[in-house]
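Presented below is the structure to which this report refers.
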Amino acid sequence: MSSAQSMFRFLIQSVGLGLVVAAIVVLMMPLISPQQNTLNPESGPLSFNYAVDRAAPAVVNIYSLGEIEGSYYQPQTSRVWRLGSGVIMDSRGYILTAQHVVDNVDQILVALQDGRQYGAQLIGSDYYTDLAVLKIEADNLPVIPTADKPQPRVGDIVLAIGNPYNIGQTITQGIISATGGRVGVSRSSYSDLIQMDAVINQGASGGALVNTAGELIGINNARFNNAFGDGIEGIYFAVPYSNAREIMQTLIAEGKVVRGWIGISVDPNSSDQLAQQGIQVTAVDPGSPAAVAGMRQGDIITRIGGKPVRSASEGMREVVNAKPGSALDITIYRNGEPQQLTVTTAEPPGG
């Protein structure tokens, strides 16, 4: 090949390569343009309307008629309507709500968002998780979307749906602040709670906590109260849907939740303070199964039923999931030495 031909081929290749590079730059310009973060008016503003449209019709208002105790100045009891919210879980008319919304009431009224109203039957309730199941007889019910395996994560955006102060259905938005055991922050020592900053005001308890797809991830519970009983803004809780689903299924099948009990109190923060992984016993009820088995205040529980215990909620969950009459092998450390105890669970006092 002559030098002229070689030069011509080199020029052709160079020009071709230049055209290819130019084409790539032109195609990439929209991606690397400084205006790429500019909001496209045609796409509209950021909105959670899709999630609300999916979930909100299945969130109901609950009105329950009950009594409040009299005071020194007015000793007679008074009959008043309580306010709460609930979530339609299936087309058969089962509704999940908070137990404190329907505790010790004579009449329950459920109002749907389409204007229909029904009297409701209390199927069962569970004090320790603050959950209750109602049932209404109705057709064409909106049902809350759910995920098979909901996995709420810290930082996820969530929407709380309820009827605060009976002003009408309201949506509040926030993020999940924490997940996992929150022993001592509510009446429940047996289940994990979702902590979020989406506002839950009076009347919104029992409503739905949903993700940005409109899927149920929790049943709204309460605001955190300090030692003086004052509500703290920005700290609210919900029972995770995975736990609420199990309680609901049990209440529908059996009408109540039967738990194991051994009669101890534990330090919810002890696992962070101890040299070895475990939870510290702070009190043992006299005559309880734990006392009969020889457990003492100050013992450190490291295993229950052969499973390691890493947190107070985890340990208590192993106890309550054991039916009354079950023998639980519990490993404790006392004065730095491991010991093995066998504790026979009982039903909690008063059922």
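The condition of being open to solvent by 10 Å² or more (accessible area, probe 1.4 Å), at pLDDT 90 or above, aliphatic (A, V, I, L, M) and farther than 30 Å from ASP197 by Cα holds for only one of ILE304, ILE252, that being ILE252. For segment 64-118, the set of residues classified as modelled with pLDDT of 90 or more and either surrounded by fewer than 11 Cβ atoms within 10 Å (Cβ to Cβ) or of a type in the set (Lys, Arg) (or both) consists of ARG92, ASP114, GLY115, ARG116, listed by residue number.
Residue-level analysis places GLU337 among those that are surrounded by fewer than 19 Cβ atoms within 10 Å (Cβ to Cβ) and without any contact (Cβ under 8 Å) to a residue 12 or more places away in the chain.
Against the list (1) over 15 Å from LEU209 (Cβ atoms); (2) outside any strand (DSSP E or B); (3) open to solvent by less than 60 Å² (accessible area, probe 1.4 Å), the condition PRO150 fails is (1).
Evaluated against (1) surrounded by fewer than 13 Cβ atoms within 10 Å (Cβ to Cβ); (2) within 23 Å of the chain's Cα centre (by Cα); (3) modelled with pLDDT of 90 or more, PRO142 falls short on exactly one condition, (1).
In the set (1) open to solvent by 40 Å² or more (accessible area, probe 1.4 Å); (2) within 23 Å of VAL257 (Cα to Cα), the condition left unmet by GLY315 is number (1).
The values are calculated or read from the model by the stated rules, or taken from the named source; none is laboratory data. Every value quoted in this text rests on a predicted model; they were computed, and no experiment measured them. We place every Cβ from the backbone using ideal geometry, glycine too, and count neighbours over all the protein chains shown. Accessible surface is based on the protein model in full, side chains and every heavy atom, while ligands, DNA and RNA are left aside. Shrake-Rupley method; radii C 1.70, N 1.55, O 1.52, S 1.80 Å.
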